[in-house]
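Below is one structure; the comments refer to it alone.
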Amino acid sequence: LSGTTWAGNIVSRRDLCSYREESSVLEYKANIAFGGKNSADTVILKNEIHSGRSEGIFIIQGGFSYIFENKIYDNNDGIVMFNSSPNVFGNEIRDNQRSGIIACGISFPKVERNEIHGNLQTGIMVRDKSEPFLMKNKIHE
């Protein structure tokens, strides 16, 4: 999918769940949204996800998914997960209007080795009964 622009995608089927190789995504809603029982093993890899009026990536009731090596910036929030358990690894999440990452509901994400900076409210916000595993992230202004 090299060089492809993905705009406002809603991913809900397992066979439609890989975004790879340097795509650029911009939109007015969540740039990428997915969830539900068939969303396990979703992979979002090496994309530039920016300039959305809402979330860069929104996950609702998503199983184990993988968000690796993306640049996520200039959205309202970078990544928002609700009742989800993604692996979020090696991303640059910056300059969002609110938070870089929000874990809410009952989410159990693994958030590791991300560069999170310049978000106006928080780098990582944990709400409700969520319990993220946070390791080796660089969070700064």
query = So, in the range 103-118, of the ones that are within 18 Å of residue 33 (Cβ to Cβ) and part of a strand (DSSP E or B), which residue ends up nearest to the chain's Cα centre (by Cα)?
reply = 103
Residue tally, condition within 17 Å of residue 133 (Cβ to Cβ), open to solvent by 10 Å² or more (accessible area, probe 1.4 Å) and either part of a strand (DSSP E or B) or small (Gly, Ala, Ser) (or both), over the range 67-83 = 1
note = residue 100 fails exactly one of (1) under 12 Å from residue 56 (Cβ atoms); (2) assigned to a loop (DSSP other than H, G, I, E, B); (3) not β-branched (Val, Ile, Thr), namely (2)
query = List pairs: first in the range 111-140 and modelled with pLDDT under 95, second open to solvent by less than 90 Å² (accessible area, probe 1.4 Å) and of a type in the set (Val, Ile, Thr), Cβ under 9 Å, 6+ apart or cross-chain?
reply = 140/116
ask   = Could you list, in sequence order, the residues of the range 84-109 that are more than 17 Å from residue 44 (Cβ to Cβ), surrounded by fewer than 18 Cβ atoms within 10 Å (Cβ to Cβ) and not β-branched (Val, Ile, Thr)?
value = 95, 97, 98, 104, 105, 108
query = Taking the range 45-64 on its own, how many of its residues are free of Cβ contacts under 8 Å to residues at least 40 places away in the same chain and within 18 Å of residue 132 (Cβ to Cβ)?
reply = 9
inquiry  = Being of a type in the set (Asp, Glu) and open to solvent by 40 Å² or more (accessible area, probe 1.4 Å) is the requirement here; does residue 112 meet it?
reply    = no
ask   = Counting just the residues of the range 7-66 that are of a type in the set (Phe, Trp, Tyr) and open to solvent by 50 Å² or more (accessible area, probe 1.4 Å), which one comes out modelled with the lowest pLDDT?
value = 28
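The values are calculated or read from the model by the stated rules, or taken from the named source; none is laboratory data. Fair warning: this is a prediction, and the values are worked out from it, not measured in the lab. As a convention, Cβ positions derive from the backbone with ideal geometry for all residues, glycine included, and neighbour counts pool all protein chains shown. Heads up: the accessible areas ignore ligands, DNA and RNA and are worked out on the full protein's heavy atoms, side chains in. Shrake-Rupley method; radii C 1.70, N 1.55, O 1.52, S 1.80 Å.
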